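Worksheet: one structure, shown below.
The values are calculated or read from the model by the stated rules, or taken from the named source; none is laboratory data. These numbers come from a predicted model, not from an experiment. A quick note on method: Cβ atoms are made from the backbone with ideal geometry, for glycine too, and the neighbour counts reach across all protein chains shown.
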Amino acid sequence: MKKLSIQSGILGSTLGILAGLIELSIGAQIKPWIGNKENPAVLGLVTILLSGLALAAFIVARKHEPQTNDGKLAIFLGALLPAAICFTTVGRLWYLPGTLLMVAVALLAYEFWMTPQVKVSSGTSGPMWRLMAVIGSLVILLSIGLAFWKSAFGLFHAEVLVMADRIRFDVLPMDFIRRTALSIGAMILENVEAGQVMAIYLFLILGAMLAFIARLTASRLFTRIGGGIAFLGLLLCLVLLPGILAQVYYTPGYSILLKSLGWGWYVSAIGTSLILVASFLRPPEGTDKT
């Protein structure tokens, strides 16, 4: 099973590097195949780097049997995250390498955590604290999902009066700012793509997913890393928000910006807090078992 996983992973990673090279070199001529991306050269380079990371993870897994739970999780995430992220960077060209990598990741997870073997002590907290981190992760992901349905769950939501019209501004997943003119008897929508917005949401999603997987596999270290990544996403939002809104010609003072943060930002902050608290709190003595 492990041999099949590594072979599939190495093949998928190699094809992923090839897909990145194609996007980097001729992406502008084959936009329908790469999801009509605006910056194929940059995204092609990102695809190559991430595919290289996945390839390195499978090579390490082939040469060295990880002895600790954290070691297994490092290899697993080194393969999973590139496999998932590149579905957003290279479009249809990722279908074959992405599928091979996801199959390889599933086989790797089975080999690491589902086959009968001697249980490795991880020194992590008990089930109650693990549950807290899992809930925190799900809260972040749920808030992002709700933003697709209701704009108030975005990272920013504000309405301002401009002469006789009301203008609404929203920062929504995965990568756009919405400017809505609420005129009498009409509603005019304008969506502007913003790479900064995608970066913020990727930090939140990656942090939540990492913390979720880490708690299920009983790794306190990677739970902290996941919480830290999600926290960095929230902080990045505060830093980049003025520049993001300037792209739709809205430049309010910073105090107004903070007052207009969307429910999604606050809900994600609650989820991030749960993850971090769960990763640092020590369980009662004698219950530190997984």
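Every residue, every condition in (1) crowded, with 17+ Cβ neighbours inside 10 Å; (2) polar (S, T, N, Q); (3) on the phi > 0 side of the Ramachandran plot, yes or no:
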{"position": "Ala61", "(1), (2), (3)": "yes, no, no"}
{"position": "Phe76", "(1), (2), (3)": "yes, no, no"}
{"position": "Leu80", "(1), (2), (3)": "yes, no, no"}
{"position": "Thr89", "(1), (2), (3)": "yes, yes, no"}
{"position": "Arg92", "(1), (2), (3)": "no, no, no"}
- Working only within segment 208-258, note down all residues that are of a type in the set (Phe, Trp, Tyr) and more than 20 Å from Phe112 (Cα to Cα). Phe231, Tyr249, Tyr250, Tyr254
- Query: Is it the case that segment 68-91 has a residue that's in a helix (DSSP H, G or I) and among the charged types (D, E, K, R)?
  - Reply: yes
- Task: Residue by residue through segment 202-219, note down the ones that are of a type outside the set (Val, Ile, Thr) and surrounded by fewer than 24 Cβ atoms within 10 Å (Cβ to Cβ).
- Result: Leu202, Phe203, Leu206, Met209, Phe212, Leu216
- Answer from Gly16, Gly52 - the residue that is surrounded by 19 or more Cβ atoms within 10 Å (Cβ to Cβ) and either touching a helix residue (DSSP H, G or I) at 6+ places or on another chain (Cβ under 7 Å) or part of a loop (DSSP other than H, G, I, E, B) (or both): Gly16
- Query: Can Lys72 be described as farther than 26 Å from Phe112 by Cα and either in contact with a strand residue (DSSP E or B) (Cβ under 9 Å, 6 or more places away or on another chain) or among the basic types (Lys, Arg) (or both)?
  - Reply: no
- Over segment 220-233, the set of residues surrounded by fewer than 21 Cβ atoms within 10 Å (Cβ to Cβ) and not basic (Lys, Arg) is Leu221, Ile225, Gly228, Phe231, Leu232
- Message: Take the residues in segment 161-190 that are of a type in the set (Val, Ile, Thr) and modelled with pLDDT under 85; name whichever of them is farthest from Leu258 (Cα to Cα).
- Response: Ile184
